[in-house]
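Here the structure is laid out as C-alpha cells; the discussion comes afterwards.
The values are calculated or read from the model by the stated rules, or taken from the named source; none is laboratory data. Every value quoted in this text rests on a predicted model; they were computed, and no experiment measured them. Cβ coordinates were reconstructed from backbone atoms using ideal geometry, including for glycine residues, and neighbour counts include every protein chain displayed. Side chains are part of the model used for accessible areas, which takes the heavy atoms of the whole protein and leaves out ligands, DNA and RNA. Shrake-Rupley method; radii C 1.70, N 1.55, O 1.52, S 1.80 Å.
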Amino acid sequence: MTTNDSNSEQPGIGPFGVVRDGQEQETVTVLVAAFEGWNDAGDAATDSLKLIREHLGAKDVFEVDSDDYYDYQYSRPVIRRSLTGEQKLHWPSTRLAKASVPGTNLDVVLLHGWEPSYRWRTFTAELIEQATALDVDFVVMLGSLLADVPHTRPIPVTLTSDTEELRDELEIETPQYEGPTGIVGVLSHMAALAGFPTLSMWAAVPHYVAHAPSPKAQLALLRQLEDLLGLSLPLDPLVEDAEAWERGVDELASEDPEVADYVRQLEEAKDTVDLPEATGDAIAREFERYLRHREDRG
C-alpha cells in the first residue's frame, strides 16, 4: 500500500501510477467500490461496477458472511428464475472480485455490496483487512445522489479526497459535507484512516427522474474512471441508452408545463455555473479519450 511520489515526473503515468502499452512498471491495484441502496441513486454506481466486471471478466475472491450483517426483513432475498424456469435465491451480500487490465500495469478489485443493517465497524474492518491482503494501493468509492440538476446537461461528477497527494495531483477539494452518511462515507473514512489513499466520486442524478436505471449518470461515472485509471470501456451501447433516456425524459417534461419550466430554470442555473468550463482542457480530455478508444479498437 504505497504511493509513488515520482509518478507526476514520469510521462504517461497518471495519479494512480497506471501506464499503458505494456511498459515495465510495478503493478498498481485499485479497489473500486459501490453499494446498493442509499448511496446509489438511479443504480448509477452499482451499474457502473457491473459493467466493469463484465467487461474485464473479474473473478470473485471474497464474500462476506451475509448473516453477520444483514436484516433480511429490510434487505430481503430475491427469487429469480432462469429461461428454463429454474428457481434461484439471491441473498443480499458483499463481494470482492479481481481482474487485470490488459495492456496496463493495473489490477482492479471490484467491491459490490449492499449497505449492511448493523455492525458497520466490524463490516468495514473486514473489508479493509481483505484490501490489505489483496495488496490494494488505492481506493475509489463510487456513489450517486439526487440533486437539482437538469437531465439535458452533462451529469456533474464530484471528486473529493482526504488524501493530500491525490488532492494536489488531481486538483480537487477536501470533502466539505457534514451530516448523516451511508456505508460509502464510512468505508471511505475508515480506509483513509487505515492508510489507503482514497478518492470519492459522486454523480448527481436529476431528482425528478430518480428511478433506475440512470444511464446518463452511469456514463458520467465511467468516463471519469476511464480518465483516472486509463481504462478503455465499451461505452457505445451506454451512450445510446443515455441518449434514449434523455429523449424519454424530454417527452415526459413536455407534457407538463410546470416541469418543463422547472427544467428550464435548472438549465439556466447550470449554464451560468459551467460557462468557464468550456475550456481547452475539457476539449483535450475528450480528444484523449477518443484516441485511447481508437487505439484499443485498432
Subject >> Number of the condition not met by residue 52 [criteria: (1) at pLDDT below 90; (2) closer than 15 Å to residue 230 by Cβ; (3) surrounded by 13 or more Cβ atoms within 10 Å (Cβ to Cβ)] >> reply: (1)
Original post:
Only one of these conditions is not met by residue 197: (1) in contact with a strand residue (DSSP E or B) (Cβ under 7 Å, 6 or more places away or on another chain); (2) without any contact (Cβ under 8 Å) to a residue 12 or more places away in the chain; (3) within 26 Å of residue 53 (Cα to Cα). Which number is it?
Top reply: (2)
Subject >> Residues that are polar (S, T, N, Q), part of a strand (DSSP E or B) and surrounded by 20 or more Cβ atoms within 10 Å (Cβ to Cβ), drawn from region 97-110 >> reply: 104
Original post:
Is it the case that some residue within region 203-220 is in the same structural domain as residue 49 (by the TED database), polar (S, T, N, Q), surrounded by 18 or more Cβ atoms within 10 Å (Cβ to Cβ) and modelled with pLDDT of 95 or more?
Top reply: yes
Original post:
Since residue 259 meets every condition but one in (1) surrounded by 16 or more Cβ atoms within 10 Å (Cβ to Cβ); (2) out of contact with any Ser or Thr (no Cβ under 7 Å at 6 or more places or on another chain), which condition does it not meet?
Top reply: (1)
Original post:
What's the number of the condition residue 196 fails, among (1) crowded, with 16+ Cβ neighbours inside 10 Å; (2) modelled with pLDDT under 95; (3) over 19 Å from residue 40 (Cβ atoms)?
Top reply: (2)
Original post:
On the given criteria, is residue 236 under 26 Å from the mean Cα position of the chain (by Cα) and loosely packed, with under 11 Cβ neighbours inside 10 Å?
Top reply: yes
Subject >> Tally of residues being in a helix (DSSP H, G or I) and surrounded by fewer than 17 Cβ atoms within 10 Å (Cβ to Cβ) across region 144-166 >> reply: 2
**OP:** Name the helices (runs of 4 or more DSSP H) wholly inside region 168-271 in which the number of residues that are touching a Pro at 6+ places or on another chain (Cβ under 8 Å) is 2 or more.
**Re:** 215-229, 236-254
Subject >> Selected residue [polar (S, T, N, Q), modelled with pLDDT under 95 and not in a strand (DSSP E or B)] from 46, 2 >> reply: 2
Original post:
Within region 78-93, is there a residue that is open to solvent by less than 30 Å² (accessible area, probe 1.4 Å), touching a Ser or Thr at 6+ places or on another chain (Cβ under 7 Å) and either part of a loop (DSSP other than H, G, I, E, B) or aliphatic (A, V, I, L, M) (or both)?
Top reply: yes
**OP:** Residues being under 18 Å from the mean Cα position of the chain (by Cα), open to solvent by 10 Å² or more (accessible area, probe 1.4 Å) and modelled with pLDDT of 95 or more: count how many of those fall in region 111-137.
**Re:** 2
